[in-house]
1. About its Cα centre, what dipole magnitude does the chain give when the only charges are +1 on Lys and Arg Cβ and -1 on Asp and Glu Cβ, stated in debye to the nearest 20?
2. So if we plug the beta-carbon distance of LEU120 and GLU58 into 1/(1 + (r/R0)^6) with R0 = 56 Å, what FRET efficiency do we get, rounded to 0.05?
3. From Cα pairs below 8 angstrom and at least 6 apart in sequence, can you work out the relative contact order of segment 339-378, rounded to a whole percent?
4. Toward the positive end of the charge dipole of the chain, about the Cα centre and with charges on Cβ (Lys, Arg +1; Asp, Glu -1), which of ALA296, LEU206, PHE424 goes farthest?
5. Taking θ as phi - 60°, what are the ³J(HN,Hα) couplings along segment 490-502 by the Karplus curve (6.51, -1.76, 1.60), each to the nearest whole Hz, with x for Gly and Pro?
6. With a Förster radius of 41 Å, plug the Cβ-Cβ distance of ARG334 and ASN233 into 1/(1 + (r/R0)^6) and report the FRET value to the nearest 0.05.
7. Calculate the dipole size of segment 528-584 relative to its Cα centre from +1 charges on Lys and Arg beta carbons and -1 charges on Asp and Glu beta carbons; express the result in debye to the nearest 20.
8. Under 8 Å for C-alpha pairs, at least 6 residues apart: give me the relative contact order for segment 37-194, rounded to a whole percent.
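Readers should treat all values here as calculations from the given coordinates under stated rules, not as data from a laboratory. Please read these numbers as outputs of a predicted model, since none were measured by experiment. FYI the Cβ positions are ideal-geometry reconstructions off the backbone, even for glycines, and counts take in every protein chain you see.
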Amino acid sequence: MKKTIRYIGYILRDCRRAFPVFFAMNLGVDAVRAATAVMQPLLLARILELAGGAPAAEEGRLAGAIALYGLCLVCGPVADAMFRSGSKNARVRAEKYFGNQMTAFSAKIRLEALENPETLDKFGRANASMTNQIEFFEQMLFLSRSAVTCIGLMAVVGRYSPVLVFTGLFALCPGLLSKIYFEKRLTAFRRSQSSVLRRSAYLRGLFSRKESVREMRVMGFGEYLTDKWKETNAERARDYRKMNLDISKKQVWGIIVLNLCYAFNIGLSFYLMAAGRISMGAFAACLSAFTAYDGALGNLIAIMFGIVHTYHIAEDYYDYFTIPTEEDGTEQYRPFQNRISVRNVRFRYSGSSEEALRGLDCEIKKGEHVVIVGENGSGKTTFSKLLTGVYLPAEGEVLYDGQRTDRLCRKSLYRHISAVQQKFVRYRFSLRENIGISDVARMGDTAAMEQLLRRVAGEDFLKRVGGLDVQLGREFNGLELSGGEWQKVAIARGLWKDSDIVVLDEPTSALDPLVEYDILSKFAEMIRGKTSVIISHRVGICRAADRIIVMKEGRVAECGKHQELLQTGGEYARIWREQAKWYE
Ligand code: ADP
């Protein structure tokens, strides 16, 4: 209940901020409509009383009441037509407002949370429900108007007999209760389908990505994937149909009770008149009020049906904002002068039973070129995530000259760090943006960027692609690069940023050995003056390193220079021998 009240508060706050004019006008129009709806039966009763044999002196009053009644009839629709036309514009504003709200929040979500599939489901649901709040707002106004109308009409009907009020109210209950129950079921169903929907979208996506389409054709499993997609959707459609049928059947009962109460009330009014308890005029007014009351109750039920539904959708939107965000530290990062110390660090991914890091200890000195090697799954990438502060240790600490990463204002730390990820991103932007995005202020420095590209990608690259301003990616009619070329662009992006520390995770995995050798031999020059950490499962890269950290099962197995480690005859020597066999 508390959550519901809080979320309704959020919706009203956000609607007021997103479309203030439309918000205020709607409130005004609905106040007018509610007032006129209540006045109409009151005035009608008055008119009938005055018309039923009133003395001549009352004629003025009668005319006044008729005029007011007429005014009430036209007032609401006119106000509606005049002020409610801004709905489309409000929708566009709502899209912008809620879109901004989601993007700003997404940027702060803790990266660990992104590892959790539930986060992706929440994102999908929130994204689909972004503009729903405007509907909720409109329904809420309509609900308030219907409720005010009902209360007013209840007062009118109550003047003739309180029983009529209670039977009218009773009529409301079964429909409302069943709706609340079914909405709960529907929402649970909808939420349970998020991951199925995501899987279905993923499978559909496989048919629009050229890599997967090529592979499925050559390997001949297109039909298998089509069947898998069909099966995912068929199952969902089957469940949905079954539940809808069940709901429709049960809803009929609510409608039957409503109509029975309606019939009972008409009969009762007739009985009251026949028994001489109310006059003919009062009977007519009572019937009119009761018909309006019944209509308003019907509206109330219908709108409650709708509002419970839209509320649950709004809940999907606001639930997204409960995902943990990055807890930022308060200390400003002071560029380290001596060393980064990693002390007894432990880390486990959410939803995983095994620890990825199990008491990691090591030091990296300023200006050192360190290579981290180890077999797949030994924890190298996880280590790099903790080193750069994007993940925080569950136990232990990562210190930059004694400053703990969890206490640092991460933005101040990131300003000095550059990272090239193993799964590098191919931005479908211009080549200049692909590189310059890591230091936007210098993006216009063509000479420096060309020089960097010549080093990373070779002399011919720029000539071949047609300059820095070429659009990349076929999706936007741009130039498509090879996997290796995209990786070189990612390396250039990492080196473009003016940082103290560069962390490169498998930076040459998509390059052929000759190009890899060429880049790595120039590397020392390109990162001169910086501290660098290169992660690789290939040991060929290690000869030139100041220090090699060998990882095994989430810990440092050994540490030293190439020759030292070969002589020790441990894990490094074993990997070296294994890999040397490929080239014999
Ligand atoms: P490496 O880079 O040495 O191949 P990783 O750091 O990627 O190793 O992985 C270390 C361990 O953590 C592995 O057992 C891997 O399965 C697990 N792991 C990596 N990423 C995730 C993740 N996102 N969620 C759960 N477990 C993960």
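1. Numbers: 81 positive and 65 negative charges, 129 e Å.
Approximately 620 debye in magnitude.
2. On the way: r = 72 Å, r/R0 = 1.28.
So the FRET efficiency works out to roughly 0.20.
3. Details: 48 pairs, mean separation 15.9, N = 40.
It rounds to 40 percent for segment 339-378.
4. ALA296
5. Working through the residues one at a time gives 5, 5, 4, 4, x, 7, 5, 5, 7, 10, 8, 10, 10 Hz.
6. Details: r = 56 Å, r/R0 = 1.36.
Between ARG334 and ASN233 the formula returns 0.15.
7. On the way: 11 positive and 7 negative charges, 45 e Å.
The calculated dipole for segment 528-584 is roughly 220 debye.
8. Details: 51 pairs, mean separation 44.4, N = 158.
Answer for segment 37-194 is 28 percent.
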